[in-house]
Amino acid sequence: MPPIRDKFTIHSRAVVCQDVDLKGDITIGPGSVVHPKATIFALGGPIVIGSGCIIEEAAIIVNRRKEVMRIGDNNLFEIGCRVESPSIGTNNTISTRSRVHHTVRISNFCVIGAGCLVVPTEDETLEEYTSVHGPAAERRIWSGRGKVQEADLRIKHAEYLREMLPKFNRLRRGDGA
């Protein structure tokens, strides 16, 4: 297998800390924030991260497939989560220490609860507004109530991080954009 070539395209309005572990072909969109000690590995195909995403400490995002891993806008990857999903929509929350297997595709407005393990044996797509919770990774559909407040809070969170992280961390610049 040929060695993985690193190519990072980080938008000028994105905030990516210096001690983030990046490997492979990675594109980070405008307004996205990547905390220190996060890991993003594009081992098979490239990873494209949309705008306004927040990737917190110790979060691990891995693409082992040949196809492009697309992560939509305004997603939150909390501390210590591991995601290998080939497709993630917009406005999703992957909570602390949860794991999402490469056989799962996530649509929009989904929440994977803290510590949940989403590892189906067959390919599966979580429908919009799905909430995965509890030790058995039970699922329910959220009514969508409060999604406007959630989106506003996410925007404020990202603004705060874009302001504060550069004050205490060195930033990484990409190849272009």
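The values are calculated or read from the model by the stated rules, or taken from the named source; none is laboratory data. None of the values given here were measured: they were computed from a predicted structure. Virtual Cβ from ideal backbone geometry, glycine too; neighbours counted across all protein chains shown. Side chains included, ligands, DNA and RNA excluded: accessible areas come from the protein's heavy atoms. Shrake-Rupley method; radii C 1.70, N 1.55, O 1.52, S 1.80 Å.
A search for C-beta distances below 6 Å between a residue of segment 55-72 that is farther than 18 Å from N91 by Cα and free of Cβ contacts under 8 Å to residues at least 24 places away in the same chain and any residue that is small (G, A, S) and in a loop (DSSP other than H, G, I, E, B), counting only pairs 6+ apart in sequence or on different chains, returns A58/G80; K66/G44; K66/G45; E67/G45; V68/G45.
For segment 63-94, a residue qualifies if it is touching a Phe, Trp or Tyr at 6+ places or on another chain (Cβ under 9 Å) and hydroxyl-bearing (S, T, Y), and the qualifying residues are T90, T93.
Every condition in (1) open to solvent by less than 50 Å² (accessible area, probe 1.4 Å); (2) of a type outside the set (S, T, N, Q); (3) at pLDDT 95 or above; (4) part of a loop (DSSP other than H, G, I, E, B) holds for G44 except the one numbered (3).
Residues checked against (1) open to solvent by 10 Å² or more (accessible area, probe 1.4 Å); (2) modelled with pLDDT under 95; (3) not small (G, A, S):
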| residue | (1), (2), (3) |
| --- | --- |
| F8 | yes, yes, yes |
| T27 | yes, no, yes |
| S32 | no, no, no |
| A38 | no, no, no |
| V48 | yes, no, yes |
| E56 | yes, no, yes |
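Read through the list (1) open to solvent by less than 40 Å² (accessible area, probe 1.4 Å); (2) over 29 Å from G134 (Cα atoms); (3) part of a loop (DSSP other than H, G, I, E, B), then give the number of the only condition that E67 fails. Here E67 meets the rest and fails (1).
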